[in-house]
1. Going by average Cβ density within 10 Å per residue, which order do the peptides 455-466, 121-132, 287-298 take, highest to lowest?
2. How much area per residue is accessible in segment 239-306 when the probe is 1.4 Å and only protein heavy atoms are counted (Å²)?
3. Would you mind telling me the share, in percent, of accessible area of segment 41-139 contributed by carbon and sulfur at probe 1.4 angstrom?
4. Show me the ranking of peptides 70-76, 48-54 by mean Cβ neighbours inside 10 Å, starting with the highest.
5. Give me the percent of the accessible area of segment 209-310 that comes from carbon and sulfur atoms, probe 1.4 Å, all protein chains in place.
6. Given N residues in segment 515-575, what is its alpha carbon radius of gyration divided by 2.2 N^0.38 Å?
7. Using Cα centres only, tell me the gap between segment 533-566 and segment 174-195 in whole Å.
8. Assuming a strict under-22 Å limit between Cα atoms, what lysine pair count do you get for segment 184-290 once near-sequence pairs (fewer than 8 apart, same chain) are dropped?
Amino acid sequence: MKKTLLIITLVLEWCICFPQTKQDLDDLKQLKQELSMAPQDTSRVLIMVALCNFYREYNQDSSVMFGNKAQALAQRINFFKGEANALHELGLSFRILGDMPKSLELQYQGLQIAESNKLPLLMAKCLRGIGVVYLELKDYSKAISYFQRGKLINETIQHTREAAASEVFLDLNIGICYMRKNQLDSSLLYLQNLYNKSLQSGFFKGPILLKYGELQFRLGNHNKAIEYLHESIQINRKDSSNRGLSEGYNTIAGFYKEMNERDSGIYFAKLGLEAARSISYNRALLDASNLLAELYEPIDIKSANYYLKIAKSANDELYGAGKVLALQRIISEEQERQRKIETERIAYQNQLKQYALLAGLGVMFLIGFILYLNNKQKQKANKVLEKTLTDLKSTQSQLIQSEKMASLGELTAGIAHEIQNPLNFVNNFSEVSSELLEEMKTELTNGNKEEAIAIADDVKQNLEKILHHGKRADAIVKGMLQHSRSSSAVKEPADINALCDEYLRLCYHGLRAKDKSFNANFKTDFDESVGKIEVVPQDIGRVLLNLYTNAFYSVAEKKKAPQPPEGGALYEPTVMVSTIKENKKIIIKVKDNGMGIPQKVLNKIYQPFFTTKPTGQGTGLGLSLSYDIIKAHGGDIKVETKEGEGAEFIIKLAAGAQL
């Protein structure tokens, strides 16, 4: 029995979907023997959880059966750790089967149990499971947020083999998300680190090689990428990991397709299809059949249609209408749960504030009562009041100073965080360049001129990246200087309509100069009665330029989204600027039909460093600076938005008065 418990412990340490070895299969036989003799207690739950994990690589029906039995028994005997573990493993199995709503629901249930019973390792595992579902659904930003939450929790766990495995998977999935978002530099930071670790320890080398090879292909290193994929396939074949094999075959088939080597692409795509079929891995089945349909289309339309039917069936299984509705329901329920948690937290805080207020009132009442009793001793009472007033002023000064220091600390932390990102890139690429120069010196010494030239090209690329991220840090610093600089410019009469029109065209043509593919419509509707008002033209121009830039960015991002099917109305990116004079106010409106602003971040958009743009595309200072400028002019700025449909910024300035 002791040996069995040791096997269970080892299995649970590897229950994060690592591929099984032949030794594992021997352990599987022993686990099944022990299961037949195990009592209805926690050890039986752990054995069935381990079996659920084992069978996920070979037989999904058996995996689901053992997972359901483990969850039911754990629930019956109030074994919360076993129940959360079973729900997590079941969720992973349903993801392989392609039932994303069921997978997400089980992971959320496991997360709730882990949170309620303070089980940090299981919380991290379930957060990873949720993130993987969102990764499959191509919602990469949300997936990254769940992985990062898992990493924060993982950092609080005492270092164990299971915690280390969890950390590897979280970093691997974050690297995959950045790769899917085409943020290859960010992806390289994660995957390069994992690849280096796997070279030293062999830890989870097969899946790391698979994703690192895919990244290398995207970076243009085709031969190296194919070499990594072949090595990954060999490891997965040795470990009998059909899931890993199906993903590896499909990935290398995609490489050959892009390299116009159709025969090799067909060969590997068929292998990927068979591996996926063997374990009912619908997502890999969909990828393989789509690849085969595309590869056969120019040479064999009958075969292409055959594989298209397989792809359609797999796609319906994964993303059919019923699955979409189920996903929406589960996500809505989780959002409602989170809303209730937040409501309860706020209610608790309000209750504490009420208690503090009552306590304060009680203290004040007591002081008043004491003063009333001592009213006859007027001189003494005055001295007491004087002392109390002095203490209150001192306390107030201390509170004001504390608040200033807290605000300064938050701002400093924000600046440090924003500048640290580009500096990390500069440091990393500098270290790599230093190593490359040493290699180049060695090659030159050995007379390998061609190799030295190749290394010099790599150094040049690194220097370009250092320059890019240096400029990024420079932009942040300049933005902060603008943010903190008090305007010394003199107000003067300015034609608001002309100012709006001038900066609109300046912004549009500036964006066109940077990106020739950028294109959008812009319209103006100016009220001629607006006339001139006294403002600082450069500052108002800076506000308009920022709003225009954000609007054009929003419509450009929406243009990149999938367009409606043939026959539907095509999206036309449009930015509209209008002015109007109303009730002694000049109103400027900048409206776009882009992505809109999510309601949950509306109260943060004027905060320094807050931005919804990807890393490297915005400092988060534009709207904060715009807000300060408009307030300095005695005006007001607000936004009306609907997510997915657009946003409208409204500026109000006093008309016909000194601002």
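The values are calculated or read from the model by the stated rules, or taken from the named source; none is laboratory data. In this text the structure is predicted, and so the values were computed from the model without any measurement. Positions of Cβ are generated from backbone atoms using ideal geometry, with glycine treated the same way; all protein chains shown enter the neighbour counts. Quick note on the areas: whole protein, heavy atoms, side chains included, nothing else; ligands and nucleic acids left out. Shrake-Rupley method; radii C 1.70, N 1.55, O 1.52, S 1.80 Å.
1. 121-132, 287-298, 455-466
2. On the way: 2970 Å² over 68 residues.
Result: 44 Å² of accessible area for each residue.
3. Details: 1510 of 3010 Å².
Ligands and nucleic acids excluded, carbon and sulfur reach 50 percent.
4. 48-54, 70-76
5. C and S fraction of accessible area: 45 percent.
6. 1.54
7. 30 Å
8. 14
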